[in-house]
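Shown next, in structure tokens, is the structure this report addresses.
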Amino acid sequence: MSKLRGKVWKFGNNINTDDIIPAIYLVTTDEKELAKHCFEGLRPELLEKIKSGDIIMAGENFGCGSSREHAPKALKGLGVSCVAAKSFARIFYRNAINIGLPIVECPAICDETSEGDTVEIEFEKGIAKNLTRKREYRFVIYPEFLQEIISAGGLMKYGRSSENV
């Protein structure tokens, strides 16, 4: 997982799974298909602007609402490299890890970063840097087994790898 760098797209508090991917599109689990509708009710212009490797940054309780894997899958299909938030809904947090979408809880960087800033996240060191503003922040490092799951691309891929049999 090591280091990610991307442009920031900001969201507020309590972004729920229906904001991320409306329930009408839950007929598929294909990440690319889900991505076509990601945030369409909240920020439809984002689909045209976001680039692979960009970072979603949000306030409190990101991913609240229904316990569906479709939300982190849609973000991953969109090319989002990471979601940083002040806090995550518990089920979204685990679903993101299970499908291999890196997430970071770091309230300070979320408060002090604007949309369009470039951020770099070093998972093994627990450091998030706002490169635009030249500021550095610390966050709690994932336990090693969670880092391995995310690096493998998710829980299923981790479980299938010959090293973990």
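A few notes on this one:
- Applying a threshold of 7 Å to beta carbon distances and a minimum spacing of six or more residues, or different chains, the list of pairs starting in region 74-98 at a residue that is aromatic (Phe, Trp, Tyr) and ending at one that is surrounded by fewer than 20 Cβ atoms within 10 Å (Cβ to Cβ) reads Phe88/Glu105.
- Count - residues of region 114-123 that are part of a strand (DSSP E or B) and not polar (S, T, N, Q): 4
- Among the residues making up region 1-34, those that are more than 20 Å from Asp54 (Cα to Cα), part of a helix (DSSP H, G or I) and not aromatic (Phe, Trp, Tyr) are Asp18, Ala23, Ile24.
- Residues located in region 35-62, provided they are surrounded by 13 or more Cβ atoms within 10 Å (Cβ to Cβ), part of a loop (DSSP other than H, G, I, E, B) and not small (Gly, Ala, Ser): Lys36, His37, Cys38, Phe39, Glu40, Leu42, Arg43, Ile50, Asp54, Glu60, Asn61
- Consider region 85-134 and keep the residues that are surrounded by 15 or more Cβ atoms within 10 Å (Cβ to Cβ) and of a type in the set (Gly, Ala, Ser). The one that is nearest to the chain's Cα centre (by Cα) is Ala96.
- Hey, Ala74 modelled with pLDDT of 95 or more and either surrounded by 23 or more Cβ atoms within 10 Å (Cβ to Cβ) or in a strand (DSSP E or B) (or both) or not: yes
- Residue ID - modelled with the highest pLDDT, chosen from residues in region 124-165 that are assigned to a loop (DSSP other than H, G, I, E, B) and of a type in the set (Phe, Trp, Tyr): Phe139
The values are calculated or read from the model by the stated rules, or taken from the named source; none is laboratory data. For clarity, every value in this text was computed on a predicted model and none was experimentally measured. All Cβ positions, glycine included, derive from the backbone under ideal geometry; neighbour counts span all protein chains shown.
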